[in-house]
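Everything below concerns the one structure shown next.
What follows draws every value from the coordinates through simple rules; no lab data is involved. As the structure is a prediction and not an experimental result, all values here were calculated from the model. No Cβ is skipped: glycine too gets one built from the backbone with ideal geometry, and neighbour counts run over all protein chains shown.
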Amino acid sequence: MKAYIEATLRTAFPDAQLRVIDTTGGGDHFEIEVIAAEFAGRRMIDQHRMVYDALGDKVGIEIHAVGLRTRAPTPN
């Protein structure tokens, strides 16, 4: 499932920095961090919705729990 999450988020946010950690080793609880330009100017709730929308119906079924951190990259 970790590979699915990474591939799906990479497709949705091609230039994002991603970090996906299986927190229990069981393949259904994850910590996910996404730093993506697509999040610029959006509220955190909207950023999270974008990630959940990308992951689709697997959240709540095959992906039981997600700790999610999102943000836009900081300008240099």
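Residue-wise test of (1) surrounded by 15 or more Cβ atoms within 10 Å (Cβ to Cβ); (2) in a helix (DSSP H, G or I); (3) among the basic types (K, R).
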residue: F30; (1), (2), (3): yes, no, no
residue: E38; (1), (2), (3): yes, yes, no
residue: G41; (1), (2), (3): no, no, no
residue: Q47; (1), (2), (3): yes, yes, no
residue: V51; (1), (2), (3): yes, yes, no
residue: G56; (1), (2), (3): no, yes, no
residue: V66; (1), (2), (3): yes, no, no
residue: P73; (1), (2), (3): no, no, no
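Checking the stated criteria, A16 turns out not to satisfy the condition of being over 9 Å from the mean Cα position of the chain (by Cα) and loosely packed, with under 12 Cβ neighbours inside 10 Å.
Assess whether L18 counts as being free of Cβ contacts under 8 Å to residues at least 40 places away in the same chain, in contact with a His (Cβ under 6 Å, 6 or more places away or on another chain) and outside any loop (DSSP other than H, G, I, E, B). So L18 does not fit the description; no.
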